[in-house]
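The values are calculated or read from the model by the stated rules, or taken from the named source; none is laboratory data. Keep in mind that what you see is a predicted model, and the values were worked out from it rather than measured. We place every Cβ from the backbone using ideal geometry, glycine too, and count neighbours over all the protein chains shown.
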Amino acid sequence: MAIITLTTDFGEKDHFAGAVKGAIYTELPSAKIVDISHSIAPFHITEASYIIKNAYKSFPEGSIHIIGVDSELTPENKHIALKLDGHYFICANNGILSLIASEYVPEKIVEINIHDKVQSNFPVLDVFVKVAGHLARGGTLEVIGKLIPEVKQLKEMEPLINSDRNQIKGNVIFIDNYGNVVTNISRKLFDKVGKGRKFTMQARTATFSEIYSTYSEAINFDSEVISREDGKKLAIFNSGGYIELAIYKSNPSTVGSAASLFGLEYRDTVTVNFG
């Protein structure tokens with residue numbers, strides 16, 4: 001039986017996430033359900049896109065990923081199901097798969113058309129679960145939708161490169177549980193534009209001239225523990241392959257974090273100048 005994952009902005013207080021799981025078990029009693037996150041900020045499709053991109057690859061091919069973020073059906077927000085990189089995704093066509101679809105070409109995409117057969121004002125519970133059940137039983141995408149050529153792209157996911165190719169202007173796309181700030185500047189793009197040149201990276205009040213591979217790489221472990229640099233600002237290429245700004249061993253609720261100490265929020269500009 002295929003694994004079915006859930007990523008939503010439902011939170012933990014309300015009944016929504018539990019109801020969806022119940023509907024999946026009603027549809028597929030032997031289902032294996034995994035929660036990726038129910039703590040996506042409400043309607044925050046960029047945040048959801050980043051989290052899905054960095055989670056789905058850990059699951060076996062053939063897994064089915066239900067994404068319940070900004071999922072209400074409207075004339076501008078159609079529902080889709082697709083197969084991409086060996087996985088199935090069920091979501092609204094609102095750009096939520098931009099990060100993944102920028103790296104892999106979907107094998108097949110359909111616009112779901114079973115809504116007239118399912119009474120619903122809660123599409124994740126009713127429509128998305130029905131589609132997941134169909135796919136888990138070996139059904140094909142064409143049965144539940146009409147083929148479409150592409151998914152909607154989020155342009156804000158794309159950093160800008162100047163004409164002289166000595167500057168990348170990116171944005172904050174995610175702030176994690178530690179207050180670390182993730183940008184949309186990938187290591188691949190940084191290396192392609194930078195070509196090994198020295199650089200200065202500016203994010204509001206914070207300036208960086210070095211990017212580490214891990215948080216601890218920035219710390220001198222030959223020094224005594226008492227003099228080590230807890231609270232040091234640093235930039236790393238994170239596990240998702242993006243530039244991340246951090247404070248070593250930060251705690252947003254006590255000493256602060258990169259987001260609070262640098263004054264950074266979602267969509268704020270991060271600029272890298274080479275030369």
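Miscellaneous remarks
- Residue count, segment 125-145 (criterion: surrounded by fewer than 17 Cβ atoms within 10 Å (Cβ to Cβ) and of a type in the set (Gly, Ala, Ser)): 2
- Verdict on Val172 being surrounded by 11 or more Cβ atoms within 10 Å (Cβ to Cβ), at pLDDT 95 or above and either part of a helix (DSSP H, G or I) or over 16 Å from the mean Cα position of the chain (by Cα) (or both): no
- Residue ID - modelled with the lowest pLDDT, chosen from residues in segment 204-237 that are polar (S, T, N, Q) and within 24 Å of Gly275 (Cα to Cα): Thr205
- Flag for Glu156 being acidic (Asp, Glu) and modelled with pLDDT of 95 or more: no
- No other residue among Ile161, Ile148 is surrounded by fewer than 19 Cβ atoms within 10 Å (Cβ to Cβ), touching an Asp or Glu at 6+ places or on another chain (Cβ under 6 Å) and over 30 Å from Gly18 (Cα atoms) apart from Ile148.
- Among the conditions (1) surrounded by fewer than 22 Cβ atoms within 10 Å (Cβ to Cβ); (2) under 20 Å from Lys53 (Cβ atoms), Phe122 misses just one, which is (2).
- Count - residues of segment 238-275 that are at positive phi and either touching a His at 6+ places or on another chain (Cβ under 9 Å) or part of a helix (DSSP H, G or I) (or both): 0
Residue-wise test of (1) more than 22 Å from Leu147 (Cα to Cα); (2) assigned by TED's automatic domain parsing to the domain that holds Arg267; (3) aromatic (Phe, Trp, Tyr).
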site	(1), (2), (3)
Ala19	yes, no, no
Ala23	yes, no, no
Phe43	yes, no, yes
Phe59	yes, no, yes
Ile64	no, no, no
Glu72	no, no, no
Pro75	no, no, no
Ile80	no, no, no
Ile100	no, no, no
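- Residue in segment 189-203 that is in contact with an Asp or Glu (Cβ under 6 Å, 6 or more places away or on another chain), under 23 Å from Tyr50 (Cβ atoms), modelled with pLDDT of 95 or more and assigned to a strand (DSSP E or B) present: no
- In this entry, Lys117 passes the filter for residues that are exposed (fewer than 14 other Cβ atoms within 10 Å of the Cβ), basic (Lys, Arg) and within 17 Å of Lys78 (Cα to Cα).
- Val105 being surrounded by 16 or more Cβ atoms within 10 Å (Cβ to Cβ), assigned to a loop (DSSP other than H, G, I, E, B), aliphatic (A, V, I, L, M) and modelled with pLDDT under 95: no
- Single condition Ile33 does not satisfy, out of (1) surrounded by fewer than 22 Cβ atoms within 10 Å (Cβ to Cβ); (2) touching a residue at least 40 places away in the same chain (Cβ under 8 Å); (3) of a type in the set (Val, Ile, Thr): (2)
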